[in-house]
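What follows is one structure encoded as structure tokens, with my remarks underneath.
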Amino acid sequence: MKMPLSWVQDYCTYTTTPHEYAEKMTMSGTKVEGYECEADEIDNVVIARIEQIEKHPDSDHLVICQVNIGKEENIQIVTGAANLKVGDVVPAALHGSTLPGGVKIKKGKLRGVESNGMLCSLGELGLTTHDFPNAVEDGIMVLDEDVALGTPATVALGLDDVSVEFEITPNRPDCLSIRGLARESAATYGVPFTDHVPQLPTGEGSIADMLKVDIADTVCSRYTAAMVKNVRVKPSPRWMRQRLRLCGVRPINNIVDITNYVMLEYGHPMHAFDSAYVNGNHIIVRKATDGEQIVTLDGVERTLTNDMLVIADEKAPMAVAGVMGGEFSGIYDSTNTIIFESACFDGPSVRVTAKKLGMRTEASARFEKGLNPENCLPAIKRALELVKELDAGDVVGGIVDVYPAPRTPRQIELRPDMINKLLGTAFTKQQMIDTLLPLGFTVEGNTVTVPLERYDDVERDCDLAEEVARMYGYNNMPSTIMKGVATARLYPRQIFGRKLVDALIGYGLYECENFSFYSAKNFDAINLPADDTLRNAVVISNPLGEDTSLMRTTAIPSVLGVIARNFNAHAPEAALFENATEYVPAADADALPTENEKIIIGAYGKDYDYLGVKGIVEKLLETAGITGYTVVRNTTGTIFHPGRCADIMLGDVKLATIGEIHPVVQANYGVKPRIYAADISVDTLFENRGATKEYVPTPKHPATTRDLALVAAEEVAAADIASRIEKAAGKLLEACSLFDVYRGAGVDEGKKSMAYNLVLRGDHTLTDEEADNVVKKVLKSLAEIDVTLRS
């Protein structure tokens, strides 16, 4: 939103510099993006009068002008313009002057004749015929008004005003107007705000006899219309053209300029219809029908849908409500009678319509932020007031105003204690009232009435607190210690998950993260059968590409992909994990998928094998407080190597799968060393987690240890041996660990030697006899599965 500083002075008076103004407005909550003055690019250009013209002796198209710049002696300027005559008043760029774009003018000779400057055209001053309609576009600019000779051209042409550009946030549509910004300026500088109340001009006849308006849809909350006959289309006066230009709006003609001027002044878009094209003199605000078409003012035919609001007559749409008028809704030289429209449309509806049609206009940008319906009537009155002031036509008496449900002002209880608590301040109630009143609020007792133009912005205590704080100055707010105690804390489930992650990092693994979606090619890479349930994945309806088209049902491919990248980067070893989410489709297609949390471990290198990964998983189970689990051989999978894979079970519940990756899968990922992996269900671990660990005092009696070298058949699992040891030893067994496995000389073929360390402890110091009796019980139990003591 651009605003000339001179326009604001119509509403409030203060003395300031542009820099100070920008800084103060920004600090009070209305951010200034920047400011500019057209005069900054123009220097040493003055108003001059042509006193004499003679032909150039050596050129057919050049003339020599004697120019009066308000000094005792005239200066000589050579020009090629053909539109000049003696007595013309023109802008002259003197020696050493600067023009827009950084152009420098110096004296010199043209075909041997001295020229002490240059006579300027519109374009050379950064202007167009829209700014000065009576000027010649391809010749020297000739002024049609009396100006003192020698006056700086920037002053004479109105180029010395400063235009300030604001960044208006979506919650402040009231500041998309000169009046709104002027009120903010007055409040910021602590000066009175003097509003202009437009007066409805008296007119002949009655619009009620000439026009009917109906609202057929509540998307339009208010519709006002006025009529002007005997329209006299002509250029707007210079003061209006100048203000429009400084706001970034191109002047066109007096009628169009009036609607744009009112839109800028009140922030409320208006439209003018040629009444000759309103069939039946009946305006209907309704929804379009599917497939209905309209040619808009930009000449494009557009197809409408039944959720778009239109302004129609009895035959067809005339405009897309809040966006753009139709091709026959404009103002032409032949126009005799016009209808001014000032209406209020639902913001979301306008935004959806504009987006569907690909038409973001100045009007739609304002309507979509939510405008105040109470502004409709003042805006249309202001337009009629300008019509009379500019002699643009004859106003017809009255205004059509259809307002089915008038808006009731919002009221909020003023609670100074709450506001001070929010801000950490000690403002008095009167200080708060003195801050709110200049902003348009009214206060009676403890009740604050919010201005209707800020109906959707100010709703509760915190909004009032913001008004008080920004006008006081955030930079002036005292620094205070935060009051209260933060109660945010992690849930048990989050604490549990973080403990597992921290444990894995402590064991030397690196955490990795992958996208939760991938390609169906990953199922082939991990050797999944065609009928495997894991291939039933959630399909993404708008994927970035085929490689991200499915939500993963297993995170193993993701981790194997990271393993492969590490191997391809010549890393000699890698051990990593991902705390991943897997997505299982629901039976109901409309239901959300089930999200399962997993920890996937992957490792390769000389320091990692099956037992190493198994040890990491067992330590993770210890962190989770889970005991009493068993390790069961798994020979059915296709991802892991058959016979080199096991499931960790807690009763009938599977906690994890560990093992060596299948050679086919390993080859698919191009990794040569053996890969060992683990697939752990975090959800299942949490459900079966142990109780909180309690302090156990240091044992009073020493432990007794025994090492057993056992010989067993290859098919006997170490877990089965450990289980029998634990059962046979009973309560005296404190710990049992496998510390060596041997195959070779001294051990029969098909057999293996396994060395276990037993730690025994009782409520007294155990004797050798007691310890030996425990060992005997263990050996007796192991003999049942043909496991004997190695000789």
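The values are calculated or read from the model by the stated rules, or taken from the named source; none is laboratory data. On a predicted model such as this, the values are computed, not experimentally measured, just so you know. Neighbour counts run over all protein chains shown; Cβ positions are idealised from the backbone, glycine included. When the accessible area is computed, the model is the full protein with side chains, heavy atoms only, and any ligands, DNA or RNA have been set aside. Shrake-Rupley method; radii C 1.70, N 1.55, O 1.52, S 1.80 Å.
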Do we have any residue at all in segment 742-760 that's outside any loop (DSSP other than H, G, I, E, B), without any contact (Cβ under 8 Å) to a residue 24 or more places away in the chain and either surrounded by fewer than 12 Cβ atoms within 10 Å (Cβ to Cβ) or under 60 Å from the mean Cα position of the chain (by Cα) (or both)?
no
Matching entry among E265, E368, E327 (being among the acidic types (D, E) and more than 30 Å from D10 (Cα to Cα)):
E327
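Quick check, is A503 in contact with a strand residue (DSSP E or B) (Cβ under 8 Å, 6 or more places away or on another chain) and under 23 Å from E597 (Cβ atoms)?
On the way: in contact with a strand residue (DSSP E or B) (Cβ under 8 Å, 6 or more places away or on another chain): no; under 23 Å from E597 (Cβ atoms): yes.
Against the criterion (in contact with a strand residue (DSSP E or B) (Cβ under 8 Å, 6 or more places away or on another chain) and under 23 Å from E597 (Cβ atoms)), A503 does not qualify.
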For segment 585-676, which strands (runs of 3 or more DSSP E) that fit wholly inside it have 1 or more residues that are charged (D, E, K, R) and open to solvent by less than 20 Å² (accessible area, probe 1.4 Å)?
653-661
Based on this model, can you work out whether E137 counts as assigned to a loop (DSSP other than H, G, I, E, B) and either farther than 30 Å from M27 by Cα or open to solvent by less than 70 Å² (accessible area, probe 1.4 Å) (or both)?
yes
It is to be established whether one or more residues within segment 349-357 are touching an Asp or Glu at 6+ places or on another chain (Cβ under 9 Å) and touching a residue at least 60 places away in the same chain (Cβ under 8 Å).
yes
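Criterion first (over 45 Å from the mean Cα position of the chain (by Cα), under 18 Å from D144 (Cα atoms) and small (G, A, S)) does A81 satisfy it? First the steps, then the outcome.
Numbers: over 45 Å from the mean Cα position of the chain (by Cα): yes; under 18 Å from D144 (Cα atoms): yes; small (G, A, S): yes.
Yes; evaluated as a whole, the condition is true for this residue.
Of all residues being more than 31 Å from the chain's Cα centre (by Cα) and crowded, with 16+ Cβ neighbours inside 10 Å in segment 421-432, which is nearest to A465 (Cα to Cα)? Just the residue, please. Please lay out each step first, then the result.
To start, the set of residues in segment 421-432 that are more than 31 Å from the chain's Cα centre (by Cα) comprises 425-432.
Next cut, crowded, with 16+ Cβ neighbours inside 10 Å only: 425, 427, 432.
On the way: T425: 10, F427: 11, M432: 9 Å.
Checked segment 421-432; the qualifying residue nearest to A465 (Cα to Cα) is M432.
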In segment 572-584, which residues are open to solvent by less than 70 Å² (accessible area, probe 1.4 Å) and either outside any strand (DSSP E or B) or within 26 Å of E618 (Cβ to Cβ) (or both)?
A574, A575, L576, F577, E578, N579, A580, T581, E582
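Look at segment 429-473 and say how many of its residues are more than 27 Å from E374 (Cβ to Cβ) and either at pLDDT 95 or above or assigned to a helix (DSSP H, G or I) (or both). Let's see the steps before the verdict.
As a first pass, look at segment 429-473 and keep what is more than 27 Å from E374 (Cβ to Cβ): 429-431, 469, 472-473.
Filter once more, so that each one left must be either at pLDDT 95 or above or assigned to a helix (DSSP H, G or I) (or both): 429-431, 469, 472.
Qualifying residue count, segment 429-473: 5.
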Please determine whether any residue of segment 393-409 is more than 30 Å from T337 (Cβ to Cβ) and touching an Asp or Glu at 6+ places or on another chain (Cβ under 8 Å).
yes
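Restricting attention to segment 528-543, does a residue exist that is within 33 Å of the chain's Cα centre (by Cα), of a type in the set (S, T, N, Q) and part of a helix (DSSP H, G or I)? Don't jump to the end; show me each part of the working.
Going residue by residue through segment 528-543, those that are within 33 Å of the chain's Cα centre (by Cα) are 537-543.
Filter once more, so that each one left must be of a type in the set (S, T, N, Q): 541-542.
Cutting the leftovers down to part of a helix (DSSP H, G or I) gives us none.
No, because not a single residue in segment 528-543 is within 33 Å of the chain's Cα centre (by Cα), of a type in the set (S, T, N, Q) and part of a helix (DSSP H, G or I).
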Close pairs (8 angstrom Cβ cut-off, 6 or more residues apart or separate chains): more than 16 Å from L384 (Cβ to Cβ) in segment 225-252, of a type in the set (K, R) and in a helix (DSSP H, G or I) anywhere:
P235/R241; P251/R241; P251/R245
Please count how many residues of segment 94-127 are surrounded by 14 or more Cβ atoms within 10 Å (Cβ to Cβ), touching a residue at least 24 places away in the same chain (Cβ under 8 Å) and outside any strand (DSSP E or B).
7
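Taking segment 568-594 as the region of interest, how many residues are over 18 Å from I540 (Cα atoms) and in contact with a Phe, Trp or Tyr (Cβ under 7 Å, 6 or more places away or on another chain)?
Let us first name the residues in segment 568-594 that are over 18 Å from I540 (Cα atoms), namely 568-580.
Okay, now just the ones that are also in contact with a Phe, Trp or Tyr (Cβ under 7 Å, 6 or more places away or on another chain), so 573-576.
Selection size over segment 568-594: 4.
Going through segment 317-334 one residue at a time, which ones are open to solvent by 40 Å² or more (accessible area, probe 1.4 Å), part of a loop (DSSP other than H, G, I, E, B) and either of a type outside the set (D, E) or under 15 Å from L304 (Cβ atoms) (or both)? Write out each step before concluding.
Applying the first criterion (open to solvent by 40 Å² or more (accessible area, probe 1.4 Å)) to segment 317-334 yields 324, 327-328, 332-334.
With part of a loop (DSSP other than H, G, I, E, B) added as a condition, the list becomes 327-328, 332-334.
E327, F328, Y332, S334, listed by residue number.
Conditions tested, residue by residue: (1) open to solvent by less than 10 Å² (accessible area, probe 1.4 Å); (2) β-branched (V, I, T); (3) in a loop (DSSP other than H, G, I, E, B).
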| position | (1), (2), (3) |
| --- | --- |
| M263 | no, no, no |
| H268 | yes, no, yes |
| G280 | no, no, no |
| I284 | no, yes, no |
| T289 | no, yes, yes |
| V295 | no, yes, no |
| G299 | no, no, yes |
What's the total number of residues in segment 401-453 that are in contact with a strand residue (DSSP E or B) (Cβ under 6 Å, 6 or more places away or on another chain), free of Cβ contacts under 8 Å to residues at least 40 places away in the same chain and more than 27 Å from L181 (Cα to Cα)?
1
Conditions: (1) open to solvent by less than 40 Å² (accessible area, probe 1.4 Å); (2) touching a residue at least 60 places away in the same chain (Cβ under 8 Å); (3) part of a strand (DSSP E or B); (4) over 24 Å from F132 (Cα atoms). M3 meets all but one. Number of the miss?
(4)
Residue pairs, Cβ under 6 Å, 6 or more apart or interchain, first in segment 147-158 and over 15 Å from R49 (Cβ atoms), second assigned to a loop (DSSP other than H, G, I, E, B) and open to solvent by 30 Å² or more (accessible area, probe 1.4 Å). List them.
T154/D160
Can you find a residue that is in a loop (DSSP other than H, G, I, E, B) and basic (K, R) anywhere in segment 388-405?
no
Are any residues in segment 575-617 out of contact with any Ser or Thr (no Cβ under 8 Å at 6 or more places or on another chain), touching a residue at least 12 places away in the same chain (Cβ under 8 Å), more than 17 Å from L534 (Cα to Cα) and not hydrophobic (A, V, I, L, M, F, W, C), and if so, which ones?
N579, G602, Y604, G605, K606, D607, Y608, D609, Y610, G612, K614
Say we look at segment 52-64 and pick out the residues that are of a type outside the set (D, E, K, R) and either modelled with pLDDT of 95 or more or over 14 Å from K109 (Cα atoms) (or both); which of these is surrounded by the most Cβ atoms within 10 Å (Cβ to Cβ)?
I53
Within segment 544-565, of all residues that are hydrophobic (A, V, I, L, M, F, W, C) and part of a loop (DSSP other than H, G, I, E, B), the one modelled with the highest pLDDT is A555
Which of the residues belonging to segment 302-316 are open to solvent by less than 50 Å² (accessible area, probe 1.4 Å), part of a strand (DSSP E or B) and either without any contact (Cβ under 8 Å) to a residue 60 or more places away in the chain or farther than 10 Å from A288 by Cα (or both)?
R302, V310, I311, A312
Test R172 against the criterion of being under 30 Å from V402 (Cβ atoms), open to solvent by less than 30 Å² (accessible area, probe 1.4 Å) and charged (D, E, K, R), and give yes or no.
yes
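With the condition being closer than 23 Å to E467 by Cα, I'd like the strands (runs of 3 or more DSSP E) fully within segment 146-245 carrying at least 1 qualifying residues. Even if it seems obvious, please write down each step before you answer.
Values: elements: 162-166, 212-215, 220-229.
Correct list: 162-166.
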